[in-house]
Amino acid sequence: CGSHWRAARRRFILSLMTTTLLLFAAAAAAQPADPPRPPNVVVVFTDDQGYGDLGCYGAKGFATPHIDRLAKEGVRFTDFYVSQPVCSASRTSLLTGCYANRLGIHGALGPNARVGIAAAETTLAEVCQSKGYATCAVGKWHLGHHPMFLPTRHGFDQYLGLPYSNDMWPFHPEAKAGTYPPLPLFDGERVLNANVTAADQAHLTRQYTERAVRFVRENRERPFFLYLAHSMPHVPLFAGERFRGSSAQGAYGDVIQEIDWSVGEVLKALDELKLADNTLVIFSCDNGPWLSYGNHAGTAGPLREGKGTVWEGGVRVPFLARWPGRIPAGSVCREPAMTIDVLPTVARAIGAERPRLKIDGRDITPLLRGEAGAKSPHEALYFYYGTNELQAVRSGSWKLYLPHTYRTMQGQPPGRDGTPGRYRQVRMAAPELYDLAADIGEARNVFADQPDVVRRLMAHVEAARADLGDALTKRTGTGVREPGRMPKD
């Protein structure tokens, strides 16, 4: 009788335990799951790197295995553009999603500039901050060097880098004595080094990389946005001791290989911290190669001309994006897109609102994901240069050039070892039209053969002139906003 009672008690206890476990399981299942952590975002942006200066775009003479890894594990764009072929204007478009001339930013802002990005504009960093992201800018800024224009005033928690190009210093080979003040290196809003020397520049890529990796490690428990804008391969070229003489293409190749190492260090940190699968990594550059520097310049590959022109070699740039599980590995996109599209695309990815003021960029998520039938969201892309000169427009595979003056090194002796050659100025007297699908090198002007295409593209030109203006036709745009300005003394 006692044994039966003990057995019954055991069955009752087991039953009670089972029921309790089931109730706990049901209660846990009823609780809402933690929302997935939004993706980290890393944007690597180089300076004056040509379309043909990566292995995955056909480079010879140096190796870029880490950057090429992004193409193998993500998407490579063949027809990706910057809005202007020059430093400040190009970076403005990347960080605001706007044509730079809409914001009153033109050319390359120097140490004497008293304008910069306006406080009313919303940067990519501020979009990320609105969703609780940690943000960091490392490298070249070039959207204004006065305190009101610095990255820390425009959405970045941290900043380490140069306020403008690394050749804007007293040792510029083309500048008259006294043209440029000493070149400063900033840490936040504090000048870390008031007089950057050649020896200091040789450490820049490593220094930037160390800060970038440190930021990733410090913020592994929260979403983050890292903007790594290398000063190189803008001249003057400087590589760290480990990379000097490492390539078959001299100083330029050495610098590219050190940048590739830098990208590898960031990717390694993401891998070690198990963050790679939830990180969107983007690699691109600000414009084409500075061809007057000869063996210290890169190459635009099959494209015509380079930096400082709106020919394809000046404005078409490498663009790679990796986000495992979201972007198909090894994919290629041949649809036209532009740096203005990065901000709205990231905003969608992280669930953030678009800026309050009008922007020009469009969400290119379908292109990144390789969705069937995905097309460029732009009916036309516009290319301004100088002080608001509308010089070209692309729609589909067609690119129409409007009469303007441009520079070329064709027929000119190239520069060498850091000293530039002299450009020749060319006046384009009449419009020219090229079919980029059939003529990537823009060698055959088909303007006379395609009157219907010309009429369609001219309609886009007129729309741009009405909105953004055009100095070549003395038009003032209704959609242009003022840049930030320093108060008068």
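The values are calculated or read from the model by the stated rules, or taken from the named source; none is laboratory data. In this text the structure is predicted, and so the values were computed from the model without any measurement. Positions of Cβ are generated from backbone atoms using ideal geometry, with glycine treated the same way; all protein chains shown enter the neighbour counts. Surface accessibility is based on the protein's heavy atoms, side chains included, excluding ligands, DNA and RNA. Shrake-Rupley method; radii C 1.70, N 1.55, O 1.52, S 1.80 Å.
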Remind me, relative contact order of region 351-440 in percent, using alpha carbon pairs under 8 angstrom and six or more residues apart?
20 percent
With the other protein chains left in place, how much accessible area per residue, in square angstrom, belongs to region 277-343 at a 1.4 angstrom probe?
23 Å²
Report, in whole Å, the centroid distance computed from the Cα atoms of region 446-478 and region 44-86.
31 Å
Positive-end extreme of charge dipole, region 281-391 - chosen from Ser284, Phe319, Gly351 (charges on Cβ):
Gly351
So how tilted is helix 451-468 from the main axis of the chain? Cα-based, degrees 0 to 90, rounded to 10.
80 degrees
For region 148-284, what does the relative contact order come out to in percent, with C-alpha contacts under 8 Å and a separation of six or more?
19 percent
Counting Lys and Arg as +1 and Asp and Glu as -1 over every other residue whose Cβ sits under 13 Å from the Cβ of Arg456, the net charge comes to 0
May I ask for the distance between the Cα centers of region 370-436 and region 246-271, given as a whole number of Å?
29 Å
Taking 27 Å as the cut-off for C-alpha to C-alpha distance, list the pairs among Lys358/Lys474; Lys72/Lys131; Lys268/Lys375 that go past it.
Lys72/Lys131; Lys268/Lys375
Restricting to bridges with both residues inside region 119-200, how much of the DSSP beta-bridge set is antiparallel, in percent to the nearest 5?
60 percent
Which ³J(HN,Hα) values, rounded to whole Hz and listed in residue order, are derived for region 276-282 from phi using the Karplus coefficients 6.51, -1.76 and 1.60 in 6.51 cos²θ - 1.76 cosθ + 1.60 with θ = phi - 60°, glycine and proline given as x?
4, 5, 10, 9, 8, 10, 10
Give me the accessible area per residue for region 129-271, probe 1.4 Å, as a whole number in Å².
37 Å²
Using a 1.4 angstrom probe, figure out how much accessible area region 372-489 has per residue, in square angstrom, rounded to the nearest whole.
54 Å²
Per principal axis, largest first, the Cα atoms of region 226-357 extend in Å by 45, 38, 30
By per-residue mean of other Cβ atoms within 10 Å, what is the highest-first order of 302-309, 95-102, 167-174?
95-102, 302-309, 167-174
Dipole moment magnitude, nearest 20 debye, the chain about Cα centre, only Lys, Arg, Asp, Glu C-beta charged
1220 debye
When only C-alpha pairs under 8 Å and at least 6 residues apart count, what is the relative contact order of the chain, in percent?
22 percent
Using a 1.4 Å probe over the heavy atoms of the protein chains, calculate the carbon and sulfur portion of the accessible area of the chain as a whole percent.
54 percent
Quick check on region 86-239: what does the Kirkwood estimate of hydrodynamic radius come out to from the alpha carbon pairs, in Å?
15.9 Å
Positive minus negative residues near Ser331 (Lys, Arg vs Asp, Glu; Cβ under 13 Å):
+3
What dipole magnitude, in Debye to the nearest 20, does region 392-438 give about its Cα centre under +1 on Lys/Arg Cβ and -1 on Asp/Glu Cβ?
180 debye
Answer label, with Rg and Dmax of the Cα atoms in Å calculated from the coordinates and candidates (1) 22.2, 71; (2) 26.4, 87; (3) 25.8, 113:
(3)
Using only DSSP helix segments of four residues or longer, with each worth -39500 (n - 2.57), what per-residue ellipticity at 222 nm results for the chain after dividing by its residue count and rounding to 500?
-8500 deg cm²/dmol
Antiparallel DSSP bridges in the chain: what percent, to the nearest 5?
55 percent
Net charge of Cβ neighbours under 9 Å - reference Val235; Lys, Arg +1; Asp, Glu -1:
-2
